[in-house]
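The values are calculated or read from the model by the stated rules, or taken from the named source; none is laboratory data. Since we're looking at a predicted model, the values are computed, not measured. Here the Cβ positions follow ideal geometry from the backbone for every residue, glycine too, while neighbour counts run over all protein chains shown.
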Amino acid sequence: MDLGVNNIAVASTGRFWSADEFNHWRNEYEKRRGSLQQCGSRHAHENIENVGRKETGRFEIHLHTVANELIEEAVEHDCSHIVFEELTHIRETIPKATWQQLWAFRRLYEYVEYKAKEYGVEVVQVDPRNTSKQCSTCGFTHSDNRTGGVFCCQHCGYENHAHYNASKNTGLQYLRRRQNVDDGGAPVDVRLNRGTLNVNGEYSSTALSS
């Protein structure tokens, strides 16, 4: 998985979960709070607290929906793991994220983690270092590979959506970690929208593609 401001989540299967609805309501609630704060009265302060509760409730419902759909995507593609980037330093990796979005990333992970257990899917976190700069096809890493939402490898010419490329790299990070632990290679791979990719960079087409 890759997390972001414009797309709250992107899977290596090629499915995107837009943040448009989340960002729309975040802006609406910010406007309501701003108007109430200008009043400065006790009643306005109480209403600000009510707005905060409504905001949290709406966002939690939305994130539950995203979490359920994310797990459905994993089960449909017979995935054993859902891999998130480490959230400890998420503010550094997504500097443009608001506090609501940072909260949403952590809450989404929590929802997915406990919901996935029912389906036998394990949820893990990996170091996100260079996942946005590295080419998921040839491995070339450079800051010029990414420009906004577009990824274009300066070495092999691979082009795709930047978040999709990062989501594949996040999965590959876990495969490499598993390979080191298992000493000989992990019998798992990254599900892509047109096939699978293993830790050695070998691609194969699959009927599980979306």
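Select from the range 140-153 the residues that are outside any helix (DSSP H, G or I), surrounded by 14 or more Cβ atoms within 10 Å (Cβ to Cβ) and not aromatic (Phe, Trp, Tyr) and list them in ascending order.
Let us first name the residues in the range 140-153 that are outside any helix (DSSP H, G or I), namely 140-142, 146-153.
Now narrow it down to the ones that are surrounded by 14 or more Cβ atoms within 10 Å (Cβ to Cβ): 140-141, 146, 151-153.
Across the range 140-153, the qualifying residues are THR141, ARG146, CYS152, CYS153.
Considering the range 165-181 alone, what residues qualify as being surrounded by fewer than 23 Cβ atoms within 10 Å (Cβ to Cβ) and either closer than 18 Å to ILE8 by Cβ or β-branched (Val, Ile, Thr) (or both)?
Once the filter is applied, which keeps residues that are surrounded by fewer than 23 Cβ atoms within 10 Å (Cβ to Cβ) and either closer than 18 Å to ILE8 by Cβ or β-branched (Val, Ile, Thr) (or both), the range 165-181 yields only VAL181.
What is the number of the single condition among (1) buried (at least 19 other Cβ atoms within 10 Å of the Cβ); (2) at pLDDT 80 or above that LEU36 does not meet?
Evaluating LEU36 over (1) buried (at least 19 other Cβ atoms within 10 Å of the Cβ); (2) at pLDDT 80 or above leaves (2) as the failure.
Would it be correct to say that ARG58 is of a type outside the set (Ser, Thr, Tyr) and modelled with pLDDT under 85?
Values: of a type outside the set (Ser, Thr, Tyr): yes; modelled with pLDDT under 85: no.
Spelling it out, it is not the case that ARG58 is of a type outside the set (Ser, Thr, Tyr) and modelled with pLDDT under 85.
Considering only the range 96-120, state which residues are over 17 Å from HIS77 (Cα atoms), touching a residue at least 24 places away in the same chain (Cβ under 8 Å) and hydroxyl-bearing (Ser, Thr, Tyr).
Within the range 96-120, THR98, TYR109, TYR111 qualify.
Taking the range 116-132 as the search range and keeping residues that are under 16 Å from the mean Cα position of the chain (by Cα) and of a type in the set (D, E, K, R), which one is surrounded by the fewest Cβ atoms within 10 Å (Cβ to Cβ)? Outline the logic, then answer.
Going residue by residue through the range 116-132, those that are under 16 Å from the mean Cα position of the chain (by Cα) are 116, 122-132.
This time we only want the ones that are of a type in the set (D, E, K, R), so: 122, 127, 129.
Working: GLU122: 12, ASP127: 14, ARG129: 14.
It comes out as GLU122.
Mind checking which helices (runs of 4 or more DSSP H) fall wholly inside the range 1-110 and carry at least 1 residues that are among the small types (Gly, Ala, Ser)?
On the way: elements: 20-39, 42-76, 90-93.
Output list reads 20-39, 42-76.
In the range 111-132, how many residues are assigned to a loop (DSSP other than H, G, I, E, B) and within 30 Å of ASN27 (Cβ to Cβ)? Talk me through it step by step, then tell me what you get.
Of all residues in the range 111-132, those assigned to a loop (DSSP other than H, G, I, E, B) come to 120-121, 127-132.
Narrowing further to those that are within 30 Å of ASN27 (Cβ to Cβ): 128, 131-132.
The total comes to 3.
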